Amino acid sequence: MRRPVTVFAAVLLAASPAALSAAHAAAITGAGSSFAAPIYEAWGAAGRSASGVTVNYQSVGSSAGQNQILAGTVDFGASDAPMDPAKLEKGALFQFPTVMGGIVPVVNIPGVAPGKLRLTGEVLAGIYAGDIASWNDPKITALNPGVTLPDLPIATVHRADGSGTTFVFTSYLAGASQAWHDGAGAGSSIAWPGGVGARGNDGVAASVRNTEGGIGYVEYAYASRNHMTTVQLKDKAGDFVTANLDSFSRAAAAADWKGASNFAVDLLDTAGKGAWPIVSATYVLVPKQPKDAAQGAAVRKFFGWAFDHGDGIARGLDYVVLPAAVKTSIRAAW
């Protein structure tokens, strides 16, 4: 039996009858993460009749999502990069995760089958830094005995827009390589050492597909649905791991949820055996004191419905759902 939504119900009951009536037939707007767009659109479609809330979501990137909620132009912002605590406090915003997923490198190398190429975080950083420029470089061939790698230039592709996916990916590179940490560093938008930029997951994917020797990074659900060639990565235990829901779930299970401030849990290179090393939660940002009480109630109602009824939909879209205890903590904090 599912746990009753006691805190959400109490908040809604505390609202005025007029606010509740408006929320019942409300239309709410959200903007931000392209990583989260499929699940918010699916939850919105599935829950419209049950929750009475219509969701209009704009996939404009995490940086834009943070900026729009700070500006008050949307009812909720969405970001794969947790907001800086000082910004959260200044903007009087509440941040919580909704689902988790993996970021995966995708490649276009003639003759290399999906899931066969092995890379490490340090080698991946060397590739994006331009220090490893050919697919038959000794640092790559040493990781791939028995795999024929061509003498083909590596063409790196990165996000051109401010992106939470980029924040997660570059944070992983910075943790795996001191040279990357001290050089390009991590962020939603950085000064890339080279390569070409493309907007959104679809832009990165299209560029990789159209470029022999190409490599890029996209969220797993996108790679899976579009049958892209992914790689194996070495985990913290030293084993090579395939990107899938099981390896993402292992990363989530090994994370320190209780020690996460503002629910900004670190899911990168966790110690879980077989854990995919580039996993992230995606976050929603809402005003603690919304200017429109009815809109605030509608946002709570929508995500309350999603937490209770949306796990199957999330798994069907290749996301990892939040542990029940984390959902309970979010409701208590809200």
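Please treat every number below as a calculation from the coordinates, not as lab data. What you are looking at is a predicted structure, and each value in this text was computed from that prediction instead of being measured. Note: ideal-geometry Cβ built from the backbone for every residue, glycine included; neighbour counts use all protein chains shown.
From most to least packed by mean Cβ count within 10 Å, the peptides 328-334, 31-37 give 31-37, 328-334.
Scaled to the globular estimate 2.2 N^0.38 Å, the Cα spread of the range 103-263, given as radius of gyration, is 1.00. Here W180, W192 are placed in order of increasing Cβ neighbour count within 10 Å, fewest first, which gives W192, W180.
Residues whose amide H comes within less than 5 Å of that of R159, counting only those at least five positions distant or on another chain, are A198 (H built at 1.01 Å from N in the peptide plane). Taking every alpha-carbon pair under 8 Å whose residues sit at least 6 apart, the range 84-151 reaches a relative contact order of 31 percent. Please report the relative contact order for the range 103-263, taking Cα pairs under 8 Å with a sequence separation of at least 6, and give it as a percent rounded to a whole number. Computed value for the range 103-263: 34 percent relative contact order. In a fully extended conformation the segment linking V147 and A113 would gain 11.3 nm over its present Cα-Cα distance, using 0.36 nm per residue.
Computed over Cα pairs, the Kirkwood radius of the chain leads via Stokes-Einstein (1.002 mPa s, 20 °C) to a diffusion coefficient of 105 µm² per second. By the count of other C-beta atoms within 10 Å, a proxy for reagent exposure, L152, L285 are ordered fewest to most as L152, L285.
What lysines could a cross-link reach from K87, if we take a straight Cα to Cα line under 16 Å and drop same-chain neighbours fewer than 8 places away? Leaving aside lysines fewer than 8 places away in the same chain, those within reach of K87 are K288. The length gained by stretching the chain between Q178 and R48 to full extension, at 0.36 nm per residue less their Cα-Cα distance, is 42.0 nm. With neighbour counts taken as other beta-carbon atoms within 10 Å, the residues S134, S49 rank, fewest first, as S49, S134. Simple point charges give the picture: +1 on the Cβ of Lys and Arg, -1 on the Cβ of Asp and Glu, and for the chain a dipole about the Cα centre of about 920 debye.
Of all DSSP-defined beta bridges confined to the chain, some 60% are antiparallel rather than parallel. Note on the range 103-263: lysine pairs with Cα distance below 20 Å, sequence gap of 8 or more or different chains, count 5. Per residue, the chain reaches -12000 deg cm²/dmol at 222 nm when only DSSP H runs of four or more residues are counted, each adding -39500 (n - 2.57).
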